[in-house]
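Presented below is the structure to which this report refers.
The values are calculated or read from the model by the stated rules, or taken from the named source; none is laboratory data. Because the structure is a prediction, the values reported are computed rather than measured. So basically every Cβ, Gly included, is an ideal-geometry build from the backbone, and we count neighbours across all protein chains shown.
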Amino acid sequence: MTSRLLCSLWLLALLMGCREKKSVERVPGADLQVVATRVALSKKKLPADILPYDDALVWHEYAVKKVIYGVCDVPKIRVAHWCVVAAKEVPVNEKLEEEVTLNLRPFADKQELQDVSQSDDLDVTEDLPQYLDMTPLPKGKEAPLVLREDYGGFFSEQMRLYWKLRPQLRVVAMGNSLVTKGISTRMFYRQINQGTPVALNLAPAGANNAMQCLVVREYVLPLPKLEWVVWGVSPRSFNGKREDPRKLSEFLASPGWHYDQENKSKLWPVPPAASPVTVDEVRQLEVHNFDDWGWEGRKRGGMPDATEPEKLRTYINETFKTTNFEWSEERWTEFVETVKALNAKGVKVLLLVTPMHPWVKDAPAADPDWSTHEAMAQMVKRLEALDKDLPLSWFHDFNQGGNHDYPPDEFYDADHVNRTGSFKLTGRVVEWMGAVSGDSVIR
């Protein structure tokens with residue numbers, strides 16, 4: 001009898017211990033775990049919806065049933081789930097009234113997430129706490145991690161164009177998404193570029209200054225026929241208050257980058273091509289998200305139309321509301337040294353600031369990535385000085401503090417031009433390049 005009782009007590013203690021262990025099991029990075037019921041959801045975005053970016057979140061609303069660990073004293077919360085990661089769709093549970101266990105972290109704890117594309121069409125009826133789902137993402141069974149051309153996200157497609165065209169490239173556009181959308185590289189060297197691409201937009205959307213400089217040093221600088229680099233510059237690149245490491249970390253972890261580093265002696269110098277690569281050959285690469293010259297232009301974005309001025313002004317002020325800037329001399333130095341390295345090889349560099357929506361000049365910030373108007377002005381002055389110091393580098397401010405002739409209908413969103421704006425901007429850069437070089441063939 002005693003033996004049975006002891007055995008029963010031991011089994012009961014074991015079961016309770018297992019339950020306790022399961023209930024307090026923590027997911028790395030999460031500080032709240034709840035059992036909740038999904039009561040509302042937004043329509044998630046697909047990879048093609050967020051071009052040229054690689055990641056997206058979708059917001060769901062939950063009724064909290066039980067707190068397993070952490071503190072949550074409200075009946076409802078909103079949770080952001082990943083729906084696109086590294087340009088690939090992520091499965092998202094969309095069953096309403098289903099009870100689920102959520103591993104969460106306050107959304108505000110990760111400020112860099114403010115820049116990630118988000119689907120949020122939930123009713124704005126109350127101010128609910130916002131969290132990020134920290135549950136580990138499912139491992140894709142067919143994830144192409146060993147593919148040679150995988151550099152992380154949509155940048156892989158630009159790199160695919162790069163490897164095909166590198167023996168003949170004469171112009172490369174560099175920067176972040178402001179250039180990815182803003183510079184239509186097909187417009188350079190029109191007489192030859194239309195049939196045999198010699199200009200490529202290699203600007204990785206979302207790239208910080210470190211990644212831009214790295215791509216220039218490792219892939220652009222060694223090009224044998226390179227004559228020009230058109231580099232769009234933004235104050236966010238020099239904001240010491242922002243790290244923006246995600247895109248760079250993804251790139252440095254990619255199999256494409258590791259392959260290139262392990263096979264430098266095979267890849268460089270660039271072997272001469274037997275004949276120029278034609279546009280028809282480029283199209284056989286089946287690059288779907290960029291044109292044959294690496295440009296990703298859009299007609300319209302998701303911001304309110306200029307015919308609704310109050311909504312549009314509210315949208316811009318909300319997008320450009322945060323200011324938190326500290327000039328990073330270290331990042332500026334890396335940028336300047338990279339430009340000098342190009343000049344030392346005889347490569348001419350056109351440095352430019354792309355136009356922002358004209359109403360941004362009245363918003364609290366000059367950039368949605370926390371840059372102040374003062375920081376923008378400081379950067380422009382530094383670039384003007386660089387223009388004077390470097391005989392092979394020139395600078396032009398196409399933004400002019402918002403006092404430009406790019407109307408609201410030429411913008412994709414508040415800080416990116418659309419197709420029409422891109423054609424206008426690129427046309428002016430082409431004229432500028434021709435004036436600097438005295439070469440009408442460029443046009």
Report task. Check whether at least one residue in region 225-242 is on the phi > 0 side of the Ramachandran plot, in the same structural domain as GLY297 (by TED's automatic domain parsing) and not basic (Lys, Arg), and report yes or no. Result -> no
Query raised in the report: Which ranges mark the helices (runs of 4 or more DSSP H) fully within region 152-196 that have 2 or more residues being under 18 Å from the mean Cα position of the chain (by Cα) and farther than 30 Å from ALA274 by Cβ?
Result: 177-182
Query raised in the report: Got at least one residue in region 430-443 being closer than 21 Å to ASN343 by Cβ, of a type in the set (Ser, Thr, Tyr) and assigned to a helix (DSSP H, G or I)?
Result: yes
**Report entry** Hits in region 313-334 (condition: touching a strand residue (DSSP E or B) at 6+ places or on another chain (Cβ under 9 Å) and surrounded by 15 or more Cβ atoms within 10 Å (Cβ to Cβ))
**Finding:** PHE325, TRP327, SER328, ARG331
Query raised in the report: So is PRO309 of a type outside the set (S, T, N, Q), more than 25 Å from GLY427 (Cβ to Cβ), under 23 Å from the mean Cα position of the chain (by Cα) and modelled with pLDDT under 95 or not?
Result: no
Query raised in the report: Which one is farthest from LYS348 (Cα to Cα), of the residues in region 224-268 that are assigned to a strand (DSSP E or B) and aliphatic (A, V, I, L, M)?
Result: VAL230
Query - Unique match (being small (Gly, Ala, Ser) and touching a helix residue (DSSP H, G or I) at 6+ places or on another chain (Cβ under 8 Å)) among ALA385, ALA377 - result: ALA377
Report summary line: The condition of being within 18 Å of THR135 (Cα to Cα), among the aliphatic types (A, V, I, L, M) and outside the structural domain of GLU296 (by TED's automatic domain parsing) holds, among ILE50, ILE68, only for ILE68
Report summary line: Log entry, pairs with first residue in region 297-308 being without any contact (Cβ under 8 Å) to a residue 12 or more places away in the chain, second being exposed (fewer than 15 other Cβ atoms within 10 Å of the Cβ), beta carbons closer than 7 Å, six or more apart or on different chains, reads PRO304/LYS311
Query - One residue from THR180, THR196 being closer than 18 Å to ASP115 by Cβ and of a type in the set (Val, Ile, Thr) - result: THR180
Report summary line: Of the residues in region 314-368, those that are among the basic types (Lys, Arg) and closer than 22 Å to LEU425 by Cβ number 2
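Out of region 175-198, which residues are among the aliphatic types (A, V, I, L, M) and closer than 18 Å to ARG419 by Cα?
Once the filter is applied, which keeps residues that are among the aliphatic types (A, V, I, L, M) and closer than 18 Å to ARG419 by Cα, region 175-198 yields LEU178, VAL179, ILE183, MET187.
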Query raised in the report: Any residue in region 234-252 that is in contact (Cβ under 8 Å) with a residue 12 or more places away in the chain and either in contact with a His (Cβ under 8 Å, 6 or more places away or on another chain) or over 20 Å from VAL116 (Cα atoms) (or both)?
Result: no
Requested in this report: Keeping to region 354-364, report how many residues are surrounded by 22 or more Cβ atoms within 10 Å (Cβ to Cβ) and not in a helix (DSSP H, G or I).
Outcome: 5
Query raised in the report: Do you know which of the residues in region 136-180 that are in contact with an Asp or Glu (Cβ under 6 Å, 6 or more places away or on another chain) and modelled with pLDDT of 95 or more is farthest from MET433 (Cα to Cα)?
Result: THR180
Query - In region 54-85, the residues that are out of contact with any Pro (no Cβ under 9 Å at 6 or more places or on another chain) and not in a strand (DSSP E or B) - result: ASP55, GLY70, VAL71, ASP73, PRO75
Query raised in the report: Just to be sure, is TRP394 in a helix (DSSP H, G or I) and over 30 Å from LYS321 (Cα atoms)?
Result: no
